[in-house]
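Before any comments, here is the structure.
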């Protein structure tokens, strides 16, 4: 009987805590640039941010400026792009909410990207490790991705 009571209390606690945990994951940031730079300033003894560490442009075609953080354009303790590896370098994508603030919608490990017009919409042309296109050769994967609202939608990959 006591085990059932404890299980019921734990289930109630979980139901009460779930919405709190979910909302923390979608917390609005006032400034992603300051958030990311603050993180690296705490974790690196010396840090240098290049001019392309932060890019501000509309990534989801809603006429509101969004933010892309490029981890390849920073040096931490003398190491350029410390989180880069054979899969590429992390890019964090933040969409600005109409109410103000930013939501991080994705992190992508890429070699690089172009932002081009495709059938009237601006889309990302990611250059990625071939395994992201289910390939084992050495030619980089090219993935065309559109951002709709807060979601990445893959248009094509080769």
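The values are calculated or read from the model by the stated rules, or taken from the named source; none is laboratory data. Predicted model only: the values in this text are computed from it and were never measured. Cβ placement follows ideal geometry from the backbone for every residue including glycine, while neighbour counts extend to all protein chains displayed.
Please enumerate the residues belonging to segment 65-86 that are surrounded by fewer than 17 Cβ atoms within 10 Å (Cβ to Cβ), closer than 26 Å to residue 30 by Cβ and touching a helix residue (DSSP H, G or I) at 6+ places or on another chain (Cβ under 9 Å).
Hit for segment 65-86 is 83, nothing else.
Out of (1) buried (at least 20 other Cβ atoms within 10 Å of the Cβ); (2) part of a loop (DSSP other than H, G, I, E, B), what's the single condition that is false for residue 89?
Status for residue 89: all satisfied but (2).
Name every residue in segment 29-64 that is loosely packed, with under 12 Cβ neighbours inside 10 Å, out of contact with any helix residue (DSSP H, G or I) (no Cβ under 8 Å at 6 or more places or on another chain) and assigned to a loop (DSSP other than H, G, I, E, B), in order of residue number.
Matches in segment 29-64: 30, 45, 46, 63.
Any residue at all in segment 26-44 that is at positive phi and modelled with pLDDT under 95?
Checking segment 26-44: not a single residue is at positive phi and modelled with pLDDT under 95.
If you go through segment 92-110, how many residues are under 16 Å from residue 34 (Cβ atoms) and surrounded by 13 or more Cβ atoms within 10 Å (Cβ to Cβ)?
First, pick out the residues of segment 92-110 that are under 16 Å from residue 34 (Cβ atoms): 92, 94, 96, 100-104.
Among the residues that remain, those that are also surrounded by 13 or more Cβ atoms within 10 Å (Cβ to Cβ) are: 92, 94, 96, 101-104.
Result for segment 92-110: 7.
How many residues are assigned to a strand (DSSP E or B) and surrounded by fewer than 17 Cβ atoms within 10 Å (Cβ to Cβ) when one looks only at segment 111-126?
9
When you check residue 132 against the structure, is it surrounded by 12 or more Cβ atoms within 10 Å (Cβ to Cβ), over 19 Å from residue 54 (Cβ atoms) and either in contact (Cβ under 8 Å) with a residue 12 or more places away in the chain or out of contact with any helix residue (DSSP H, G or I) (no Cβ under 6 Å at 6 or more places or on another chain) (or both), yes or no?
Yes; evaluated as a whole, the condition is true for this residue.
State the number of residues belonging to segment 38-76 that are free of Cβ contacts under 8 Å to residues at least 24 places away in the same chain and touching a strand residue (DSSP E or B) at 6+ places or on another chain (Cβ under 7 Å).
9
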